[in-house]
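Enquirer: Shown below is the structure under consideration.
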Amino acid sequence: MTDTADQKIQERDYGFDTLALHAGQEVDSATTARAVPIYQSTSYVFHDTDHAADLFSLAEAGNIYTRIMNPTTDVFEKRVAALEKGVGALATASGQAAQGLAILNIMGAGDEIVSAAELYGGTYNQFHYTLPKVGIDVKFADSTDLDGIRAAITERTKAVYAETVGNPALNTLDIEGLRQWRTTPASRSLSTTRCHRPIWSTPWSMGPTSSSTLRPSSSAGTARPSAVS
């Protein structure tokens with residue numbers, strides 16, 4: 001999507017349903033096709049060596065290799081960002097990859113996560129077995145017990161994680177209850193989102209932190225990036 005097209009969508013303030021259908025897409029000028037084309041190419045043509053150098057140095061936007069970017073995936077990412085009112089999105093091949101990218105971007109060895117105990121099996125294994133290997137400890141708590149979650153938080157806690165609908169218990173997280181906290185150290189949800197309910201449309205702050213990346217502005221005009229799968 002061009003900057004002009006993106007500005008038009010923002011200016012019109014389209015509803016959720018319209019964004020879900022059309023956000024991120026520029027109609028193909030050659031065919032005027034309504035559906036987003038599926039680009040199956042793995043590689044892209046460079047006009048010359050300077051063009052290639054500019055792409056690889058990120059001096060110019062464009063396609064390098066489909067493993068890094070793809071025009072079809074690009075529409076999807078922009079659409080999710082529009083639905084979430086974020087500045088951008090990154091599509092990954094799996095939920096574990098999305099979680100791994102999100103977590104490793106805001107914490108490192110010695111940090112902690114307080115996580116809901118009711119999790120998809122793959123996520124539990126990632127949290128229980130994989131993250132400790134890189135020095136990130138995960139404490140599990142009953143997601144229906146906010147006092148229990150709060151008690152598990154320490155100065156090393158950098159995120160509170162829960163699935164908006166727990167698997168397999170189908171329990172729901174009291175998101176508003178978490179949002180009321182203002183004294184917990186750098187707690188931020190990495191909650192999964194689904195298109196029927198963009199949970200984190202409005203950025204929020206849970207309290208003081210040493211890293212600015214963990215304190216999204218409370219202003220509704222400031223958006224956050226998302227990792228999606």
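Enquirer: Not counting ligands, DNA or RNA, and with a 1.4 Å probe, what is D13's accessible surface area in Å² rounded to the nearest 10?
Expert: Roll a 1.4 Å probe over it and D13 shows about 110 Å².
Enquirer: Taking 29 Å as the cut-off for C-alpha to C-alpha distance, list the pairs among K78/K158; K85/K133; K78/K133 that go past it.
Expert: K85/K133; K78/K133
Enquirer: Solvent-accessible area per residue for segment 84-124 at a 1.4 Å probe radius, Å²?
Expert: 42 Å²
Enquirer: At a 1.4 Å probe radius, which order do E155, E163 fall into by accessible area, largest first?
Expert: Sorted descending by solvent-accessible area, the residues read E155, E163.
Enquirer: Report the accessible area of Y65, computed with a 1.4 Å probe over the heavy atoms of all protein chains in place, in Å² rounded to the nearest 10.
Expert: Approximately 80 Å² of Y65 is accessible to the 1.4 Å probe.
Enquirer: Mind listing the long-range amide H neighbours of V138? Cut-off is under 5 Å, sequence gap 5 or more, other chains count too, H placed in the peptide plane at 1.01 Å from N.
Expert: For V138, whose amide H was placed from the backbone, the distant partners under 5 Å are I113.
Enquirer: At a probe size of 1.4 Å, how large is the accessible area of V45, to the nearest 10 Å²?
Expert: 120 Å²
The values are calculated or read from the model by the stated rules, or taken from the named source; none is laboratory data. These figures come from a predicted structure and were not determined experimentally. Just the protein is used for accessible areas: all its heavy atoms, side chains included, with ligands, DNA and RNA removed. Shrake-Rupley method; radii C 1.70, N 1.55, O 1.52, S 1.80 Å.
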